[in-house]
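The values are calculated or read from the model by the stated rules, or taken from the named source; none is laboratory data. Keep in mind the model is a prediction, meaning the values are calculated, not measured. With ideal geometry, Cβ positions are generated from the backbone for all residues, glycine too; neighbour counts draw on all protein chains shown.
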Amino acid sequence: MGLLIDLATTILATTRDVLPIALIMFGFQLFVLRQPIPNMRRVLIGFVYVLLGLSFFLLGLERALFPLGRLMAEQLSTIQLDTAGSSDVNWADYYWIYLFALAIGFSATIAEPALIAVALKANEVSGGVIGVWGLRISVAIGAAMGISLGALRIVLGAPIHWFIIVCYTLIVIQTYFAPKVIVPLAYDSGGVTTSTVTVPIVVALGLGLAENVPGRSPLIDGFGLIAFVCLFPIMTVMAYAQISQYRHLRAARLRRISDQSADTD
Amino acid sequence: MFGLFQALLGSVRDLLPIMLVIVFFQFFVLQQPLPNLPDLLVGTVLVILGLTFFVFGLEMGLFPIGESMAYAFARKGSLVWLLLFAFALGFGTTVAEPALIAVADEAAKVAAQGGVIAMDTASQEGYAWGLRLTVALSVGCAIVLGVFRILKGWPIHWMIMVGYVGVLIMTMFAPEEIISIAYDSGGVTTSTITVPLVTALGVGLASAIRGRNPLIDGFGLIAFASLLPMIFVMAYGMAF
């Protein structure tokens, strides 16, 4: 019974969040474009699916994954407290946190619905050249690196903007060398990563760390993790494209060489 | 029916990694039993079903409507209405975003502790509301800018680099407490419903306009939506 009530409340809350978008879209469709929507019935059924799906997803996360994820982030950040002492923080003592950040960053990104959507679209638009899994895995690797490095930053207490400046510089350099078609998609993937699954877990990790590491304040050091998760996927997606291009070129060159030697024979 | 079953299998595969990570850390690192097992099982089933329905509805509803509206706007040929729609979509989806509400409330606490605003609830609520409006305004402007770029076919990397320089310049002048919050606000704005809609809008526009490549010109709207909030929020922090 409690489950049904929770489900109803979640569906209501999701509907309320989606309502402004739906109103804007249908408003413009009716009053500005003044055209019937093709396959209206199908689109509406699709909307209902999305609404139900998102509600189920959120409720399930709230019941299963988030309580455990939050608890873990908290427990892992307190575990090292007795060995670290109260005054001097040794960053290497927190190795389980970095490993947890790496693992949870990767797996949460794989489960992210918004990223699935963008990967499906990119695959369709590129005519299959950009693989759904290739994109998702490279974004997930980036997010994992970002969260892990962000956790290290909180432990070290270093100012965030130096990290951001270095990341920006790397992105600018990489943009120069990466294949031009991937650049817009790579920039997009940063913002796409941080959504329903990733944000709550990352925020819990950041706040847990900032509360438990001596000398850190949750209000100042607890923020900034999401910014890292946004930057690293940009680099890994461009790297993914660079690696595929390199392998493609090398294969083509090898083919050419073997063709030439076949000609001379 | 078979399609739904396949989608279900896909969702299990998508969610398997995160479950394995949690089970591994719970049993082997923290060495504790799983608490509240029935809740955990129900929750897992709900997550799998939810993801399946979402992906199913995505292809049926969100993608087609985003693209058909993009085509309709391109046919109509009215720049003003298109940009107005872009702004409304960005502003409307962001102002009610739950993740943003949470971050804005936290930010108000930081500001109160830092002595920027008074400690009472009224001024904290006012600050949080102002921050939400600022972010929503910035996302609205970002989608407008992004749509304009698609129409003009401008290369994205120059615009993003100008944005990066803007972020760095603002960082030098913004009060220290707001910097991390500003950086984070870029990421929390793009929700699970906004992303597919905005992506479909961009790709649809780029396919409808002659001379535009959907891959090169169609993507990039979300990149603006994660960049502009940083600049706007730091400006908001400086204004106080």
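Mind counting the residues in the stretch B:72-98 that are crowded, with 16+ Cβ neighbours inside 10 Å, more than 9 Å from every other protein chain (Cβ to nearest Cβ) and modelled with pLDDT under 90?
2
Check B:A136 against each of (1) surrounded by fewer than 23 Cβ atoms within 10 Å (Cβ to Cβ); (2) more than 13 Å from the chain's Cα centre (by Cα) and name the one condition it does not meet.
Condition (2) is where B:A136 drops out.
Of all residues in the stretch B:201-227, count the ones that are surrounded by fewer than 24 Cβ atoms within 10 Å (Cβ to Cβ) and more than 7 Å from chain A (Cβ to nearest Cβ).
Going through the stretch B:201-227 one residue at a time, the tally reaches 7.
List pairs: first in the stretch B:11-27 and touching a residue at least 40 places away in the same chain (Cβ under 8 Å), second of a type in the set (S, T, N, Q), Cβ under 9 Å, 6+ apart or cross-chain?
B:S11/B:T52
Answer with yes or no whether B:V135 is more than 7 Å from every other protein chain (Cβ to nearest Cβ), in contact with a Pro (Cβ under 6 Å, 6 or more places away or on another chain) and closer than 27 Å to A:A22 by Cβ. Steps first, please.
Values: more than 7 Å from every other protein chain (Cβ to nearest Cβ): yes; in contact with a Pro (Cβ under 6 Å, 6 or more places away or on another chain): yes; closer than 27 Å to A:A22 by Cβ: yes.
So B:V135 fits the description; yes.
Can you name the condition, by its number, that B:M159 falls short on among (1) hydrophobic (A, V, I, L, M, F, W, C); (2) within 22 Å of the chain's Cα centre (by Cα); (3) more than 10 Å from chain A (Cβ to nearest Cβ); (4) closer than 16 Å to B:G220 by Cβ?
Exception for B:M159: condition (3).
Considering only helices (runs of 4 or more DSSP H) fully contained in the stretch A:156-265, which possess at least 3 residues that are closer than 15 Å to A:T109 by Cα? Walk me through how you get there before you give the answer.
Values: elements: A:160-177, A:183-193, A:198-212, A:218-221, A:225-264.
Fully inside the stretch A:156-265 and qualifying: A:183-193, A:198-212, A:225-264.
Would you check which residues across the stretch B:27-47 are exposed (fewer than 12 other Cβ atoms within 10 Å of the Cβ) and either within 8 Å of another protein chain (Cβ to nearest Cβ) or assigned to a helix (DSSP H, G or I) (or both) and list them? Spell out the reasoning first.
Initial filter on the stretch B:27-47 (exposed (fewer than 12 other Cβ atoms within 10 Å of the Cβ)): B:28, B:31, B:33, B:35, B:37-38.
Once the filter is applied, which keeps residues that are exposed (fewer than 12 other Cβ atoms within 10 Å of the Cβ) and either within 8 Å of another protein chain (Cβ to nearest Cβ) or assigned to a helix (DSSP H, G or I) (or both), the stretch B:27-47 yields B:F28, B:P35, B:L37, B:P38.
Please specify each residue of the stretch B:174-190 satisfying the condition of being within 7 Å of another protein chain (Cβ to nearest Cβ) and over 22 Å from B:R149 (Cβ atoms).
B:E177, B:I179, B:S180, B:I181, B:Y183, B:D184, B:V188
Looking only at the stretch A:32-44, count every residue that is assigned to a loop (DSSP other than H, G, I, E, B) and more than 7 Å from chain B (Cβ to nearest Cβ) and tell me the total.
The qualifying residues number 2.
Kindly indicate which of B:A88, B:A70 is without any contact (Cβ under 8 Å) to a residue 60 or more places away in the chain and in a helix (DSSP H, G or I).
B:A88
Which condition breaks for B:D105 when tested against (1) within 8 Å of chain A (Cβ to nearest Cβ); (2) among the charged types (D, E, K, R); (3) free of Cβ contacts under 8 Å to residues at least 24 places away in the same chain?
Checking B:D105 against (1) within 8 Å of chain A (Cβ to nearest Cβ); (2) among the charged types (D, E, K, R); (3) free of Cβ contacts under 8 Å to residues at least 24 places away in the same chain, the one that fails is (1).
Quick one: would you say A:A241 is farther than 19 Å from A:R136 by Cα and more than 9 Å from chain B (Cβ to nearest Cβ)?
no
Looking at A:F57, A:F47, A:F26, which one is at the interface with another protein chain (Cβ under 7 Å from one of its Cβ atoms), under 17 Å from B:V198 (Cα atoms) and among the hydrophobic types (A, V, I, L, M, F, W, C)? Quick ask: steps written out before the conclusion?
Numbers: A:F57 fails: under 17 Å from B:V198 (Cα atoms); A:F26 fails: at the interface with another protein chain (Cβ under 7 Å from one of its Cβ atoms).
Answer to the selection: A:F47.
Look at A:I97 and say whether it is part of a helix (DSSP H, G or I), modelled with pLDDT of 85 or more and surrounded by fewer than 21 Cβ atoms within 10 Å (Cβ to Cβ).
no
Please state which of the following conditions B:V144 fails to meet, knowing it meets all the rest: (1) crowded, with 19+ Cβ neighbours inside 10 Å; (2) within 10 Å of chain A (Cβ to nearest Cβ); (3) at pLDDT 90 or above.
(2)
Can you tell me which residue within the stretch A:63-76, out of those that are without any contact (Cβ under 8 Å) to a residue 12 or more places away in the chain and more than 7 Å from every other protein chain (Cβ to nearest Cβ), is farthest from B:V45 (Cα to Cα)?
It comes out as A:L71.
Pull up the stretch A:127-171, narrow it to residues that are away from every other protein chain (no Cβ under 11 Å) and either more than 15 Å from A:F232 (Cα to Cα) or in contact with a strand residue (DSSP E or B) (Cβ under 9 Å, 6 or more places away or on another chain) (or both), then point me to the one that is surrounded by the most Cβ atoms within 10 Å (Cβ to Cβ).
The qualifying residue surrounded by the most Cβ atoms within 10 Å (Cβ to Cβ) is A:V155.
Looking at the structure I just gave you, is B:E59 under 27 Å from B:M19 (Cα atoms), surrounded by 15 or more Cβ atoms within 10 Å (Cβ to Cβ) and of a type in the set (D, E)? Before you say what the answer is, go through the steps one by one.
Values: under 27 Å from B:M19 (Cα atoms): yes; surrounded by 15 or more Cβ atoms within 10 Å (Cβ to Cβ): yes; of a type in the set (D, E): yes.
Judged against the criteria, B:E59 is a match.
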